[in-house]
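Data first, discussion second: the structure below is written as structure tokens.
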Amino acid sequence: MKINRVVLRHMQMKLKAPFTTSFGSFTTKEFILVEAIDEDGVSGWGESVAFHSPWYNEETVKTNWHMLEDFLLPLLFQAPIAHPDELSGRFSGIRKNNMAKAAIEGAIWDLFAKKKNVPLSEVLGGTKKQIDVGISIGIQKGIADLLGIVERYVHEGYRRIKVKIKPGCDVEVIREIRRHFPDIPLMADANSAYSLKDIERLKALDEFELMMIEQPLAADDIVDHAALQAQLNTPICLDESIHSYEDARKAIELGSCRVINIKIGRVGGLTEAKRIHDFCQTHHIPVWCGGMLESGVGRAHNIAITTLSNFSLPGDTAASSYYWERDIIFPEVMVHNGTITVPDNPGIGYDVDRQQVTRYTTFTKTYRPSLE
Ligand code: OSB
Ligand code: MG
């Protein structure tokens with residue numbers, strides 16, 4: 001593949017309802033949409049999952065734009081690409097900035113699959129034709145609101161319910177959900193809100209038979225998580241702590257978790273996501289695909305990677321309509337009885353709706369290989 005140009009678009013999409021975690025509330029999603037166009041005029045699409053502010057990790061929309069403009073796109077333009085797997089090597093001189101790397105790598109994967117005329121899921125080695133999905137519910141004002149929302153999505157058929165917890169908004173909340181829904185597949189995500197000092201509170205969650213507790217301790221930790229996992233019956237799932245294959249290998253070796261949430265952006269792209277998936281499969285660690293409040297483009301990439309066989313637990317890829325009044329892909333992502341039918345069109349398998357893209361674009365810039 002020879003890339004003729006890359007268009008970066010700064011996007012702003014209003015969420016249907018604010019999404020609240022232990023770090024605060026979102027009302028609008030700001031992100032970078034990446035379009036890579038080859039010499040034949042074929043477009044591949046990617047999405048940066050970095051947020052406006054660095055609460056989830058150290059990256060932001062602005063740092064991603066900077067990394068793409070000043071470092072990653074010049075490396076991309078240096079030479080043609082035979083296979084997207086080459087990009088992780090080409091970018092290896094740039095430390096971290098995984099979400100920026102994944103954004104352009106994702107566009108190249110889509111382009112690669114489109115040139116081969118096969119679905120992205122298939123070029124990644126996925127075989128599932130349908131995937132099971134769950135839903136992630138943000139922190140609500142009161143327990144009554146939360147129970148109402150749980151009821152709604154259980155009724156819609158989502159395959160598991162995830163709720164956000166933080167100190168003071170945990171054991172009682174989970175107890176109440178369990179009282180009303182004794183049998184639903186349920187899990188809790190702490191987004192690093194606890195430390196080992198809270199071990200008794202976390203142990204108190206064991207009685208509710210959660211599928212797992214996601215990222216209870218610090219975002220950069222795998223040592224304390226190992227100590228905690230040794231004391232808990234509930235499996236720990238790591239999210240923020242896993243940035244690479246090497247992180248996954250070390251966490252599994254230490255016993256820091258029994259499940260891993262793979263987010264394509266957090267680990268630097270689909271190539272690394274697949275490596276982690278394969279390693280976890282060999283070591284009997286089930287994985288699932290996390291979410292970052294993506295637009296349809298990011299959602300399509302998540303669906304494609306989830307078709308790999310060790311994505312054996314429902315992920316966070318909800319229907320487009322959970323977050324968006326109107327998505328930027330056509331058709332939008334639909335969930336029926338907790339499953340998504342994997343598209344069988346080439347590449348990401350959904351059409352990007354350029355009219356909607358334009359509507360949500362705040363500014364755009366086109367990059368080309370320099371002429372020497
Ligand atoms: O920790 O998984 C997380 C959203 C933003 C940042 C981090 C997380 C989340 C979610 C929602 O839980 C995932 C989604 O529905 O896209
Ligand atoms: Mg999480």
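For the range 256-270, state whether one or more residues are on the phi < 0 side of the Ramachandran plot, more than 16 Å from ligand 2 (Cβ to nearest atom) and open to solvent by less than 20 Å² (accessible area, probe 1.4 Å). For the range 256-270, residues on the phi < 0 side of the Ramachandran plot, more than 16 Å from ligand 2 (Cβ to nearest atom) and open to solvent by less than 20 Å² (accessible area, probe 1.4 Å): present. Residues in the range 235-264 that are over 16 Å from the mean Cα position of the chain (by Cα) and touching a residue at least 40 places away in the same chain (Cβ under 8 Å): Arg258 only. Within the range 156-175, track down each residue that is closer than 29 Å to Asn337 by Cβ, within 16 Å of ligand 1 (Cβ to nearest atom) and not in a helix (DSSP H, G or I). Correct list: Tyr158, Arg159, Arg160, Ile161, Lys162, Val163, Lys164, Ile165.
Restricting attention to the range 284-305, the residues that are assigned to a helix (DSSP H, G or I) and either open to solvent by less than 10 Å² (accessible area, probe 1.4 Å) or within 16 Å of ligand 2 (Cβ to nearest atom) (or both) add up to 9. Considering Val34, Val42, Val49, Val6, the condition of being of a type in the set (A, V, I, L, M, F, W, C), more than 16 Å from Ile348 (Cβ to Cβ) and surrounded by 15 or more Cβ atoms within 10 Å (Cβ to Cβ) is satisfied by Val6 alone.
Please work out if Lys96 is assigned to a loop (DSSP other than H, G, I, E, B), open to solvent by 50 Å² or more (accessible area, probe 1.4 Å) and in contact with an Asp or Glu (Cβ under 8 Å, 6 or more places away or on another chain). In short, yes. Among the conditions (1) in contact with a Lys or Arg (Cβ under 9 Å, 6 or more places away or on another chain); (2) open to solvent by 20 Å² or more (accessible area, probe 1.4 Å); (3) of a type outside the set (A, V, I, L, M), Trp55 misses just one, which is (1).
State yes or no: is Arg326 in contact with a helix residue (DSSP H, G or I) (Cβ under 7 Å, 6 or more places away or on another chain), surrounded by fewer than 21 Cβ atoms within 10 Å (Cβ to Cβ) and either within 17 Å of Tyr153 (Cβ to Cβ) or not small (Gly, Ala, Ser) (or both)?
Criteria met by Arg326.
For the range 19-29, the criterion of being under 18 Å from the mean Cα position of the chain (by Cα), over 30 Å from Cys169 (Cα atoms), part of a strand (DSSP E or B) and modelled with pLDDT of 95 or more is met by none of the residues. Considered as a group, the residues in the range 206-224 that are acidic (Asp, Glu) and under 11 Å from Ile174 (Cβ atoms) include one that is farthest from the chain's Cα centre (by Cα), and that residue is Glu207. Taken over the range 307-320, the criterion of being open to solvent by 10 Å² or more (accessible area, probe 1.4 Å) and in contact (Cβ under 8 Å) with a residue 60 or more places away in the chain is satisfied by Ser309, Leu313, Pro314, Asp316. Of the residues making up the range 176-215, those that are of a type in the set (A, V, I, L, M, F, W, C), within 14 Å of ligand 2 (Cβ to nearest atom) and assigned to a strand (DSSP E or B) are Met187, Ala188, Ile213.
The values are calculated or read from the model by the stated rules, or taken from the named source; none is laboratory data. Because the structure is predicted, anything quoted here is derived from the model rather than measured. Heads up, the Cβs are rebuilt from the backbone with ideal geometry, glycines too, and the neighbour counts pull from every protein chain shown. SASA here: full protein model, heavy atoms, side chains in, ligands and nucleic acids out. Shrake-Rupley method; radii C 1.70, N 1.55, O 1.52, S 1.80 Å.
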